[in-house]
Amino acid sequence: MFETKVYVERRNRLRKMFRTGLLLFVGNGESPMNYPSNAYRFRQDSTFLYYWGINYPDCAAVIDIDKDTECLYMNDVDIDDIIWMGPQESVKEKGARVGVNSVYPHKDLFTSINSAVRLGRKIHFLPQYRQDNAEMLSTLLGIKSKHIKNYVSQKFIKAVVDMRSTKDEYEIEEIEKACNIGYKMHTTVMKMCKPGLMEYELAGAIEGITIANNGYISFPVILSQNVHTLHNHDHSQKLAENRMLITDAGAENEMNYCSDFTRTIPVNGKFTQKQKDIYNIVLAANSKAIELAKPDVTYKSIHLEIAKIITRGLCNLGVMCGNVDEAVENGAHALFLPHGLGHMMGLDVHDMENLGENYVGYDDEVLRSSQFGTSSLRMGRRLQKNFVVTDEPGIYFIPELIAKWKSEKINKDFINYDKVNEYMDVSGVRIEDDLLVTENGCRLLGKKRIPVTVEEIEEIMKK
Ligand code: GLY
């Protein structure tokens, strides 16, 4: 937990953005795996953590702007709980640690919200992603749970996005720690990887590293020799000679801050020429984003620049053809890069995605593209100092997508399918780093960069 004043100041800043009404915060409850008392690892809601810091199930909080009060609602454990869980800090003590003296039993939340509803007061709340919380809001507010999303407060969403987008120095320190765990995860894969190993042996080893560092994975590990499947959580294959292996994985440290890295390596430790051809184009795109990222530049413009690097590189190999600018304008690169350059990162790996991607990554000035590929870009708006974003370009040879474009003659003037066939067995490459936007540019997060050049990867894999 950060110092008390961090949470007090955050809430004070937030309150100043509102003139009237109540701000209702809903924390997460336990989520059962197969019966109620056998739960998944508890994960608090990130916005709740940001303002209230309490990493404990079944909490709620209310800031009453008109009355200038703030209250926490949570229950103390009873003797039965203590028998099974051991003694616990009281809810009063928990509240005091984040500067809140008014702590009430959870049931009092209903009385308090009910009376505000009866008085017709404005109750600001955020979008819900857990059904149990939507049901609770439904009971509190008298709105059917399926309609809750229609009543969320845009003002509240925008205020939270505004505050959480710019990371404080002490948050950056936590993200760095998560990145350092990420370094261990990825270098472990590089050192262990060899033909004959099962994917799950690697996936399990790196998930274990997060737990051994008092953290957890920031999202389910993506580790597969089917690199062309963007988010493959199946780890059942045996690693084969001459295949590439993608590992897209990050850690969440003990303060719940995240990292997210991707490396693509040759299973046998030595790139073939064709693998190297594709790898070096993706690395050039990743480097270009690092070169361009700085305050006031839109991430969408950087996405389009790296799309040109990828198109130019593929044209040089004969896989694509024609004018590079025209190809990118027509979205031809998306056959090989059907996703965006990156996303915001912080307490969530896709930071604040639960509040709505467009609130986080776009604004009135930079709008989301509707073109296939670029439409998947999560972060498009202007960068600002202390934003944290991922830089994750890729090139993929997705058989089904290639077959569709070929048969439907989509962007046919820019694609050379005979040459595409020659590269199908590369499957794909994605390279991802985490960037902190600084005063005049950006810097890579993490104490040491995970090996990234062909030479560095071959070197560490040799060991
Ligand atoms: N690295 C996983 C993702 O960005 O979705």
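Taking LEU445, is it closer than 30 Å to PHE156 by Cα, surrounded by 21 or more Cβ atoms within 10 Å (Cβ to Cβ) and not basic (Lys, Arg)? Yes: the conditions hold for LEU445. Taken over segment 333-344, the criterion of being within 16 Å of the ligand (Cβ to nearest atom) and touching a Leu at 6+ places or on another chain (Cβ under 9 Å) is satisfied by PRO338, HIS339, GLY340, LEU341, GLY342, HIS343.
Restricting to segment 39-77, name every residue that is over 21 Å from TYR257 (Cβ atoms) and polar (S, T, N, Q). Those that are over 21 Å from TYR257 (Cβ atoms) and polar (S, T, N, Q): THR69, ASN75.
Could you tell me which of the residues GLU254, GLU353 is within 16 Å of the ligand (Cβ to nearest atom) and surrounded by fewer than 24 Cβ atoms within 10 Å (Cβ to Cβ)? Selected residue: GLU353, the only one of GLU254, GLU353 that is within 16 Å of the ligand (Cβ to nearest atom) and surrounded by fewer than 24 Cβ atoms within 10 Å (Cβ to Cβ).
Okay, residues lined up against (1) touching a residue at least 60 places away in the same chain (Cβ under 8 Å); (2) of a type in the set (Ser, Thr, Tyr); (3) closer than 20 Å to ASP425 by Cα; (4) more than 16 Å from the ligand (Cβ to nearest atom):
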position	(1), (2), (3), (4)
GLY196	no, no, yes, yes
ILE206	no, no, no, no
ILE209	no, no, no, yes
TYR216	yes, yes, no, no
SER224	no, yes, yes, no
ASN242	yes, no, yes, yes
THR247	yes, yes, yes, no
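Restricted to helices (runs of 4 or more DSSP H) entirely inside segment 41-154, those with at least 2 residues that are more than 22 Å from GLU252 (Cβ to Cβ) and either in contact with a Lys or Arg (Cβ under 7 Å, 6 or more places away or on another chain) or of a type in the set (A, V, I, L, M, F, W, C) (or both) are 79-85, 91-97, 108-118, 131-141. Residue pairs whose Cβ atoms lie under 6 Å apart, separated by 6 or more positions or on different chains, with the first residue in segment 309-323 and crowded, with 24+ Cβ neighbours inside 10 Å and the second in a helix (DSSP H, G or I) and among the charged types (D, E, K, R), are VAL319/LYS419. The set of residues in segment 391-450 being among the hydroxyl-bearing types (Ser, Thr, Tyr) and without any contact (Cβ under 8 Å) to a residue 12 or more places away in the chain consists of SER407 alone. Within segment 1-13, the set of residues being in contact (Cβ under 8 Å) with a residue 40 or more places away in the chain and either assigned to a loop (DSSP other than H, G, I, E, B) or within 22 Å of VAL117 (Cα to Cα) (or both) comprises MET1, PHE2.
None of the figures in this text is laboratory data; all of them are computed from the coordinates on show. Note that the structure is predicted; figures quoted are calculated from it, not measured. Positions of Cβ are generated from backbone atoms using ideal geometry, with glycine treated the same way; all protein chains shown enter the neighbour counts.
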